[in-house]
Amino acid sequence: MDFDELYQEIILDHSKRPRNSGVLPPPATRGSGYNPACGDEVTVFVLKSAEGKIETISFQAQACAICTASTSLMTLQVKGTTQEQALEIQRHFIDFLTKDGSSEGLGHLRALAGVKKFPQRLKCATLGWHALEAALKGDAG
Ligand code: ZN
C-alpha cells in the first residue's frame, strides 16, 4: 500500500464512520459552517472542562467525504487541548493545505494533502475547522 492509498483509506474510513458524530446539549457551545460551492453543512459542539480544555467535542455534518473526514479527524486532533492550542492546530493545518506548510504533528490529517491539488475542495477540508472556531468562541444553545 503506498502513501496515496493509505491516505485514501483514512479519508474513506472517516467519511463512512465519522468519529465523535452527534449533538451535545447546552452548556456545550456550537458553531456552524456552510459551503455553498459543495453544499456542505457542519455544526460543531464543544464542551470545555473547568481548566478550559476541550473535554467533549462532537459534530453533525451533511457534507461530502472530504468535509466529513476532515471534521472527524479534527475532533480527534483537538480533543483535550485548550482553545489556544486548538486554534494553533487549525492555523497549522490550513497553512499545510494552502502555503505548503509543514505537516509535522498533523498525524492523520496529512491524509488530506491531496486537497492541495484541488483548490476548489479547500473549503470542504476547512469548513469543520471554521465551525470549530465558531463553537469555541460561541454561545451555548
Ligand atoms: Zn464538500
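The values are calculated or read from the model by the stated rules, or taken from the named source; none is laboratory data. Worth saying up front: this structure is predicted, and the values here are computed from it rather than measured. Note that we place each Cβ from the backbone using ideal geometry, even for glycine, and neighbour counts take in every protein chain shown.
Tally the residues that are of a type in the set (Lys, Arg) and under 23 Å from residue 17 (Cβ atoms), restricting the search to region 62-110. It would help to see each step written out before you state the result.
Looking only at region 62-110, we keep the residues that are of a type in the set (Lys, Arg), and these are 79, 91, 99, 110.
Still in the running and under 23 Å from residue 17 (Cβ atoms): 79, 110.
Counting residues in region 62-110 that are of a type in the set (Lys, Arg) and under 23 Å from residue 17 (Cβ atoms) gives 2.
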Qualifying residues in region 26-74 (those that are of a type in the set (Asp, Glu) and modelled with pLDDT of 95 or more) - the one farthest from residue 14 (Cα to Cα): 55
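Conditions (1) within 16 Å of the ligand (Cβ to nearest atom); (2) crowded, with 22+ Cβ neighbours inside 10 Å; (3) over 21 Å from residue 48 (Cα atoms); (4) not small (Gly, Ala, Ser), marked per residue:
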site	(1), (2), (3), (4)
67	yes, yes, yes, yes
76	no, no, no, yes
79	no, no, no, yes
87	no, no, no, yes
98	no, no, yes, yes
105	no, no, yes, no
Residue in region 32-43 that is more than 15 Å from the ligand (Cβ to nearest atom) and in contact with a Leu (Cβ under 9 Å, 6 or more places away or on another chain) present: no
Region 15-46: number of residues that are touching a helix residue (DSSP H, G or I) at 6+ places or on another chain (Cβ under 6 Å) and without any contact (Cβ under 8 Å) to a residue 60 or more places away in the chain: 4
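In this structure, does residue 58 turn out to be touching a Ser or Thr at 6+ places or on another chain (Cβ under 6 Å) and among the polar types (S, T, N, Q)?
no
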Residues within region 1-37 that are farther than 16 Å from residue 131 by Cα and of a type in the set (S, T, N, Q), tallied: 2
